[in-house]
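To keep things clear, I will list the structure first and then write my remarks on it.
The values are calculated or read from the model by the stated rules, or taken from the named source; none is laboratory data. Because the structure is predicted, anything quoted here is derived from the model rather than measured. Here Cβ is always computed from backbone atoms with ideal geometry, including for glycine, and neighbour counts include all displayed protein chains.
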There are 2 protein chains.
Amino acid sequence: MNVKNILAEKIAGEITLSPKPGATLKKWRNTFEISQTELANYLKISPSVISDYESGRRASPGIKTIKRLIEAFFEIDEKRGGKIINRYTSMIESPKGVIEIMEYPYSISGREFVESIHGEILTCEDMLDRKTVKGFTLIDSISAIKTLSSTDYTRIYGWSTERALIFTGITYGRSPMIAVRVHPMKPSIVVYHKPSAVDSLATKLSEYENIPLIVTNLPLDDLKNILENLAYKEG
Amino acid sequence: MNVKNILAEKIAGEITLSPKPGATLKKWRNTFEISQTELANYLKISPSVISDYESGRRASPGIKTIKRLIEAFFEIDEKRGGKIINRYTSMIESPKGVIEIMEYPYSISGREFVESIHGEILTCEDMLDRKTVKGFTLIDSISAIKTLSSTDYTRIYGWSTERALIFTGITYGRSPMIAVRVHPMKPSIVVYHKPSAVDSLATKLSEYENIPLIVTNLPLDDLKNILENLAYKEG
DNA sequence: TTTAAAATTCGTCAATAATCGATTAATTAT
DNA sequence: ATAATTAATCGATTATTGACGAATTTTAAA
């Protein structure tokens with residue numbers, strides 16, 4: 001659970017939608033315990049610019065400016081040991097069994113997604129070009145069944161069901177697909193990470209549900225890295 | 001739990017921080033199943049404007065523009081019966097016992113907060129001017145004790161501990177303050193909504209914790225209304 | 001109380017956003 | 001295949017942002 005990104009997004013959204021964006025910016029700068037002067041110096045701009053933003057002189061700052069300011073909050077905090085970020089990290093509970101969850105800022109085609117993780121397509125290959133992926137959830141499958149039965153769907157599906165569910169720690173690849181089958185919501189793609197074997201029931205269920213079943217044997221760290229950076233590469 | 005506001009904020013934050021803001025805007029417009037033409041007509045602007053934004057011609061749209069676009073998504077969906085919003089509403093579980101939770105876009109002084117809810121100050125009045133309120137959580141106290149023992153603090157404290165916890169459904173005003181006492185996180189202010197009585201232990205605990213204890217007898221609907229709109233009134 | 005640091009105000013200017021509308025291209029429906 | 005609808009491209013104009021810096025005010029520390 002990448003708390004930093006979630007918090008950054010929360011801040012950005014709150015500023016953008018606020019009736020007083022400048023005051024919201026100031027609130028968060030104070031939350032990070034940064035003075036206007038320090039922020040300005042960090043960004044190599046004049047302190048009066050920060051004051052103008054916070055006072056609302058600029059009614060509609062551009063999103064690039066907002067992004068830069070928020071990134072500076074985090075970078076400055078990190079340079080100081082990350083005290084503020086850690087405060088939030090300790091507040092937010094990682095859902096049990098969910099190793100990582102992330103939304104992609106734009107839709108990625110199923111085909112592109114599977115290629116990026118060097119996935120082997122077991123079923124429903126023709127569906128791939130019709131599927132889009134708006135995020136992923138990396139699940140430790142020992143705990144997954146318990147978590148999937150929860151009624152708080154956002155723990156698994158975040159903000160979109162159009163995602164890839166990636167199950168790792170699989171010995172006999174049947175139970176994840178069964179869990180998906182009984183769940184009311186259906187992902188775009190199911191990925192088994194390094195299964196010892198894939199049960200034929202799993203393939204049948206995926207075909208029944210029209211959910212492509214994919215296998216990848218990348219090392220876990222490599223897989224995480226690719227998943228996290230997929231939407232942020234150049235081009 | 002106001003899912004609409006949470007989703008709006010999520011969308012705004014994602015667009016603002018995205019490496020391709022235009023593509024993110026397009027993703028969400030498609031999520032709401034709105035064509036560019038319909039969106040443009042709704043906002044009474046030229047369709048080519050929407051296309052220019054989504055293509056990234058405008059690298060850094062102003063936050064007022066982003067806000068307008070997101071508001072239009074929701075309004076158009078609502079005009080169509082709210083199909084998309086309802087999809088999200090049914091996905092997100094309301095924490096048990098939490099009637100309403102909200103972050104304020106900017107800090108509100110303790111004094112101003114208490115005055116707005118016609119609160120009677122029982123303890124720590126001198127602390128009020130030193131306290132700020134960055135949000136509120138309205139709690140049905142029958143369930144609150146169970147919820148407060150959860151390790152997922154964000155269910156009660158959202159994004160800031162600097163908030164007012166408002167307990168309603170109180171008969172004998174002791175258990176909320178005990179729950180706060182044993183909890184590792186402390187709010188700015190504790191409010192009892194229409195208690196039958198306030199136990200002297202509650203007042204003692206509030207003094208010990210330096211948390212102002214407030215009583216309000218506003219009708220619940222009025223109270224909710226004030227709390228929700230406090231940061232959005234003119235001036 | 002004084003001093004230093006932090007914050008505010010505001011005139012100014014170059015760059016970019018917000019918007020229009022004409023034209024072209026792509027997609028969808030029949 | 002054709003027609004209608006939707007989307008994209010791009011030149012042009014006006015309004016606003018992003019930034020500077022000087023002067024003033026406010027706040028915090030000694």
Requested in this report: Find all pairs meeting these conditions: Cβ atoms under 7 angstrom apart; at least six residues apart or on different chains; first residue within the stretch B:108-135 and part of a strand (DSSP E or B); second residue acidic (Asp, Glu) and loosely packed, with under 14 Cβ neighbours inside 10 Å.
Outcome: B:Ser109/B:Asp129
Query raised in the report: helices (runs of 4 or more DSSP H) wholly in the stretch A:144-214 with at least 1 residues that are surrounded by fewer than 19 Cβ atoms within 10 Å (Cβ to Cβ) and modelled with pLDDT under 85 - which ones?
Result: A:154-157, A:175-182
Query raised in the report: Given the conditions (1) at the interface with chain B (Cβ under 10 Å from one of its Cβ atoms); (2) closer than 27 Å to B:Thr31 by Cβ; (3) away from DNA strand C (no atom under 16 Å from the Cβ); (4) of a type outside the set (A, V, I, L, M, F, W, C), and given that A:Glu100 satisfies all but one, which numbered condition is not satisfied?
Result: (1)
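Taking the stated definitions as given, is A:Leu25 more than 10 Å from DNA strand C (Cβ to nearest atom), assigned to a helix (DSSP H, G or I), facing another protein chain (nearest Cβ under 8 Å) and buried (at least 18 other Cβ atoms within 10 Å of the Cβ)? Show your work before the answer.
On the way: more than 10 Å from DNA strand C (Cβ to nearest atom): yes; assigned to a helix (DSSP H, G or I): yes; facing another protein chain (nearest Cβ under 8 Å): no; buried (at least 18 other Cβ atoms within 10 Å of the Cβ): yes.
When the stated conditions are applied, A:Leu25 does not pass them.
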**Report entry** The lone exception for A:Ser109 - which of (1) within 16 Å of DNA strand C (Cβ to nearest atom); (2) within 7 Å of chain B (Cβ to nearest Cβ); (3) within 17 Å of the chain's Cα centre (by Cα) it fails
**Finding:** (2)
Query raised in the report: modelled with pLDDT under 95 and away from chain A (no Cβ under 11 Å) - does that describe any residue in the stretch B:7-14?
Result: no
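Go through the stretch A:92-102 residue by residue and tally those that are assigned to a loop (DSSP other than H, G, I, E, B) and either in contact with a His (Cβ under 6 Å, 6 or more places away or on another chain) or surrounded by fewer than 20 Cβ atoms within 10 Å (Cβ to Cβ) (or both). Let's see the steps before the verdict.
We begin by selecting, within the stretch A:92-102, every residue assigned to a loop (DSSP other than H, G, I, E, B); these are A:92-97.
From what is left, the residues that are either in contact with a His (Cβ under 6 Å, 6 or more places away or on another chain) or surrounded by fewer than 20 Cβ atoms within 10 Å (Cβ to Cβ) (or both) are A:92-96.
Count: 5.
Here are some residues: A:Ser55, A:Ser51. Which one is touching a residue at least 24 places away in the same chain (Cβ under 8 Å) and within 8 Å of DNA strand C (Cβ to nearest atom)? Quick ask: steps written out before the conclusion?
Details: A:Ser51 fails: touching a residue at least 24 places away in the same chain (Cβ under 8 Å).
From the options A:Ser55, A:Ser51, the qualifying one is A:Ser55.
When you check B:Pro105 against the structure, is it assigned to a loop (DSSP other than H, G, I, E, B), away from DNA strand D (no atom under 15 Å from the Cβ), surrounded by 16 or more Cβ atoms within 10 Å (Cβ to Cβ) and in contact (Cβ under 8 Å) with a residue 12 or more places away in the chain, yes or no?
Taking the combined requirement at face value, the residue does not satisfy it.
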Query raised in the report: Within the stretch B:44-86, can you find the residues that are surrounded by 16 or more Cβ atoms within 10 Å (Cβ to Cβ), within 16 Å of B:Ile11 (Cβ to Cβ) and away from chain A (no Cβ under 14 Å)?
Result: B:Ile50, B:Ile76, B:Asp77
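Take B:Thr31 and tell me if it is within 27 Å of the chain's Cα centre (by Cα) and either at pLDDT below 95 or in the same structural domain as B:Thr154 (by TED's automatic domain parsing) (or both). It would help to see each step written out before you state the result.
Numbers: within 27 Å of the chain's Cα centre (by Cα): yes; either at pLDDT below 95 or in the same structural domain as B:Thr154 (by TED's automatic domain parsing) (or both): yes.
Judged against the criteria, B:Thr31 is a match.
Could you tell me whether the stretch B:118-133 includes any residue that is within 13 Å of chain A (Cβ to nearest Cβ) and of a type outside the set (Phe, Trp, Tyr)?
In the first step, residues of the stretch B:118-133 are kept if they are within 13 Å of chain A (Cβ to nearest Cβ); the result is B:132-133.
Subset that is of a type outside the set (Phe, Trp, Tyr): B:132-133.
Yes.
Hey, could you check the stretch A:6-22 for residues that are assigned to a helix (DSSP H, G or I) and within 15 Å of DNA strand D (Cβ to nearest atom) and say which is nearest to A:Gly135 (Cα to Cα)? Talk me through it step by step, then tell me what you get.
Of all residues in the stretch A:6-22, those assigned to a helix (DSSP H, G or I) come to A:6-17, A:21-22.
Now narrow it down to the ones that are within 15 Å of DNA strand D (Cβ to nearest atom): A:12, A:15-16, A:21-22.
Details: A:Ala12: 19, A:Ile15: 24, A:Thr16: 23, A:Pro21: 29, A:Gly22: 31 Å.
Checked the stretch A:6-22; the qualifying residue nearest to A:Gly135 (Cα to Cα) is A:Ala12.
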Report summary line: Filtering the stretch A:53-91 down to residues that are of a type in the set (Lys, Arg), more than 10 Å from DNA strand D (Cβ to nearest atom) and part of a loop (DSSP other than H, G, I, E, B) yields A:Arg80
Query - Residue ID - nearest to the other protein chains (Cβ to nearest Cβ), chosen from residues in the stretch B:215-235 that are surrounded by 17 or more Cβ atoms within 10 Å (Cβ to Cβ) and of a type outside the set (A, V, I, L, M, F, W, C) - result: B:Lys224
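Is the stretch B:30-44 home to any residue that is near DNA strand C (Cβ under 9 Å from one of its atoms), over 14 Å from A:Ile63 (Cα atoms) and not in a helix (DSSP H, G or I)? Reasoning before the result, please.
Just the residues of the stretch B:30-44 that are near DNA strand C (Cβ under 9 Å from one of its atoms), to begin with: B:40, B:43-44.
Within this subset, residues satisfying the condition of being over 14 Å from A:Ile63 (Cα atoms) are B:40, B:43-44.
If we keep only those that are not in a helix (DSSP H, G or I) as well, we get B:44.
Yes; the residues of the stretch B:30-44 include at least one that is near DNA strand C (Cβ under 9 Å from one of its atoms), over 14 Å from A:Ile63 (Cα atoms) and not in a helix (DSSP H, G or I).
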